[in-house]
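The values are calculated or read from the model by the stated rules, or taken from the named source; none is laboratory data. Computed from a predicted structure; not experimentally measured. A quick note on method: Cβ atoms are made from the backbone with ideal geometry, for glycine too, and the neighbour counts reach across all protein chains shown.
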Amino acid sequence: MSVFSDLRIQTVKQSRRDQVDFDNLGFGDVFCDHMFSLVFEDGRWQRPEILPFGPLPLHPSALSLHYGQAVFEGLKAFRGKDEVVRIFRPDMNAKRLVGSCKRLCIPPIEPEVFYAAIEHLIRLDHAWIPRTRGQSLYIRPIIFGTESHLEVRPARTFRFVVMTAPVRKYFQDDVKAIELKAEEKYTRAAPGGMGYAKTAGNYAASLYPGELGRKEGYAQVLWLDGAEHRYVEEVGAMNIFFKFKNTVVTPELHGTILPGVTRDSVITLLKDQAMPVEERLVDIDEVIDGMRSGELEEIFGAGTAAVICPVGAIAYKGQRHEMSKNSAGPLTRKLYDTITGIQLGEVEDKFGWTRVVDVDAAVSAAAAGD
Ligand SMILES: *Cc1c(COP(=O)(O)O)cnc(C)c1O
């Protein structure tokens, strides 16, 4: 029997949507009317609910607040000109969430449950999915330990919540490149740590160095490896790619780097276009030398929030190194256009990446179904 057979739906009396200024969306400033919730108690996930978005009761002694037992995901839904609602590669997020759960001793959410939760929620709040190009509906699932206890051990109760938010593009200006500071002192993740998991703690570790970088005028930190501060890992919430004259290079996944869905999409698209792409160790000196010589033609970050974001400069050892053009290069542009085109149903989805949500199906029927 499906976990959804007893889905309870409590809808808002009045939608807040009309009060939202869709011309000035931020990233998580406003949330849709409803959220989805499931709890883990007595050894199983149960009590599926859709309820008005709002605060949840939580013990101050909830284990996740003290010891960081929390994982999350981030994906997007789009409405194309054809009015079709598509979610981009949710199967990848579902799979990654299972991996993150394992690393954090959290009972996993099955991929079918993960997807069904999102689908139920989006059917109910589909009016919130923006129609303006560049905007989308960001979907944020999170799981955290709720058990009231202070011993250091995995919690025995958890909550899975899915919230959704209409968002603008992550970086306001889609042409201007961002500048990065290669971090020589602090590390985001160490070998054997949890860098590959999408967990709160990795972000906690990144906040202070991020603030220091911002004070110096750098939008994001470029993380180097934790052992030697020599090999490039990734950027805040994006993986990173370097386009040299003859090949595209990105750091290989070896446990300290988050396996991005966008990263995988970029690699797949490049291979499909017979572009040489290498996943390997990338020495920061190779990057700086390439910038100096012009051998390195484009640098871009790849992540759900920003999609593809050009990098215009990197600070390293107190020196600022600039790319020759402070805007998106041809490959950066092409990848951005291809991925967003697939997301909007304007470019052929030859890899079957998008999943269509039938938003016209009645929610009550969905609740009874499965
Ligand atoms: C989520 C995330 C990314 C990007 O992954 P996508 O699946 O492409 O959104 C990259 N790095 C970190 C640290 C992340 O948390």
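Out of Phe78, Phe27, report the one residue that is in the same structural domain as Thr146 (by TED's automatic domain parsing) and touching a Ser or Thr at 6+ places or on another chain (Cβ under 7 Å). The match here is Phe78. Would you confirm whether or not the stretch 68-81 contains a residue that is part of a loop (DSSP other than H, G, I, E, B) and out of contact with any strand residue (DSSP E or B) (no Cβ under 9 Å at 6 or more places or on another chain)? Yes, the stretch 68-81 contains at least one residue that is part of a loop (DSSP other than H, G, I, E, B) and out of contact with any strand residue (DSSP E or B) (no Cβ under 9 Å at 6 or more places or on another chain). Out of Gly303, Gly329, one residue alone is under 26 Å from Gln135 (Cα atoms) and at pLDDT 95 or above. It is Gly303.
Can you tell me which residue within the stretch 92-111, out of those that are assigned to a helix (DSSP H, G or I), free of Cβ contacts under 8 Å to residues at least 40 places away in the same chain and not small (Gly, Ala, Ser), is nearest to the ligand (Cβ to nearest atom)? So the residue we want is Lys95. Taking every residue in the stretch 319-332 that is in the same structural domain as Ala306 (by TED's automatic domain parsing) and pairing it with any residue that is part of a helix (DSSP H, G or I) and not β-branched (Val, Ile, Thr), at least 6 positions away or on another chain, the pairs with Cβ-Cβ distances below 6 Å are His321/Met291.
Residues of the stretch 278-328 being outside any strand (DSSP E or B), more than 16 Å from the ligand (Cβ to nearest atom) and of a type in the set (Val, Ile, Thr), which ones? Full working, then the answer.
As a first pass, look at the stretch 278-328 and keep what is outside any strand (DSSP E or B): 281-282, 284-295, 304-306, 317-318, 323-326, 328.
Right, trim to more than 16 Å from the ligand (Cβ to nearest atom) and you get 281, 284-295, 317-318, 323-326, 328.
Result: Ile284, Val287, Ile288.
One residue stands out among those in the stretch 187-203 that are farther than 14 Å from Leu253 by Cβ and within 12 Å of the ligand (Cβ to nearest atom): the one that is surrounded by the most Cβ atoms within 10 Å (Cβ to Cβ), which is Arg188. Each residue in the stretch 244-269 was checked for being without any contact (Cβ under 8 Å) to a residue 60 or more places away in the chain and farther than 25 Å from Tyr316 by Cα, and 1 pass.
Regarding Ala177, is this residue more than 16 Å from the ligand (Cβ to nearest atom), small (Gly, Ala, Ser), crowded, with 19+ Cβ neighbours inside 10 Å and under 30 Å from Lys95 (Cα atoms)? So Ala177 fails the test. Checking each residue in the stretch 329-344 for being more than 18 Å from Pro251 (Cβ to Cβ) and more than 16 Å from the ligand (Cβ to nearest atom) picks out Gly329, Pro330, Arg333, Lys334, Asp337, Gly341, Leu344.
The conditions of being within 30 Å of Thr132 (Cα to Cα) and not assigned by TED's automatic domain parsing to the domain that holds His120 are not met by Val282. Out of Val161, Val249, Val152, Val232, one residue alone is more than 10 Å from the ligand (Cβ to nearest atom) and surrounded by fewer than 17 Cβ atoms within 10 Å (Cβ to Cβ). It is Val152.
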